[in-house]
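Here's the structure, in structure tokens; my notes come after.
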Amino acid sequence: MLGRKEAPKPTSPGEGNGHNPNPVSLLTVVGETAKMEGKFEIADSIQIECEVGGELVVGGKLVIGEKGVVHANVQTVDAIIMGHYDGNMVATGNVEIAATGRVSGNIQTDSLVISKGGFFNGNVTKINEDSAVNGTSPVYLIDDKRLDQQLMQR
């Protein structure tokens, strides 16, 4: 069964200008015996309570419920995993593996939280780890920095 939960509509002028960073709806896919396979592109957020395989591109938050089983490569902003996930994930925001969550695969994200009881088997790569190497953040040797400070004091 597919369902969409709508957020309340804005009532004052200017609130509905499309610049709200939070998704306005949550697509829910439910069905203990339902199985879906393919490439899915979801602009907002999605909660999965069935079996899904293939590829998922989610513009908001991916929630894999306790009954959810996902075998897919995923690109998302945030993810909360309370069911089973197997695949490679790129999340530009946060990933949380709940106490009931079971994850096998590689995750690339800025933040990973594993609750007590949660299971993770794979590799984690920090997304912004490369920015310091590419020169966007200055790197100083301690001695060089001290030398620069001493030269400025003179």
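Restricting segment 58-88 to residues that are closer than 14 Å to Gly118 by Cβ and under 9 Å from the mean Cα position of the chain (by Cα), which is surrounded by the most Cβ atoms within 10 Å (Cβ to Cβ)? Restricting to residues being closer than 14 Å to Gly118 by Cβ and under 9 Å from the mean Cα position of the chain (by Cα), the top hit is Ala79.
Within segment 89-127, being of a type in the set (Val, Ile, Thr), within 13 Å of the chain's Cα centre (by Cα) and within 17 Å of Gly68 (Cβ to Cβ) holds for Val95, Ile97, Ile107. Does segment 94-124 hold any residues that are of a type in the set (Asp, Glu) and farther than 20 Å from Glu49 by Cα, and which are they? The one that is of a type in the set (Asp, Glu) and farther than 20 Å from Glu49 by Cα: Asp110. Taking the criterion of being touching a Ser or Thr at 6+ places or on another chain (Cβ under 6 Å), modelled with pLDDT of 95 or more and not acidic (Asp, Glu), would at least one residue in segment 50-57 satisfy it? Checked segment 50-57: no residue is touching a Ser or Thr at 6+ places or on another chain (Cβ under 6 Å), modelled with pLDDT of 95 or more and not acidic (Asp, Glu). If Val29 satisfies every condition in (1) at pLDDT below 80; (2) of a type outside the set (Gly, Ala, Ser); (3) over 24 Å from Asn88 (Cβ atoms); (4) assigned to a strand (DSSP E or B) but one, which is the exception? Against the list (1) at pLDDT below 80; (2) of a type outside the set (Gly, Ala, Ser); (3) over 24 Å from Asn88 (Cβ atoms); (4) assigned to a strand (DSSP E or B), Val29 comes up short only on (3).
Counting only residues that are under 23 Å from Ala34 (Cα atoms), give me the strands (runs of 3 or more DSSP E) lying completely in segment 49-133 with at least 3 of them. Break it down stepwise before answering.
Details: elements: 61-64, 69-76, 78-81, 84-86, 89-97, 102-104, 107-114, 119-121, 124-126.
Output list reads 61-64, 69-76, 78-81, 84-86, 102-104.
The values are calculated or read from the model by the stated rules, or taken from the named source; none is laboratory data. Here the structure is a predicted model, which is why all the values come from computation and not from measurement. A quick note on method: Cβ atoms are made from the backbone with ideal geometry, for glycine too, and the neighbour counts reach across all protein chains shown.
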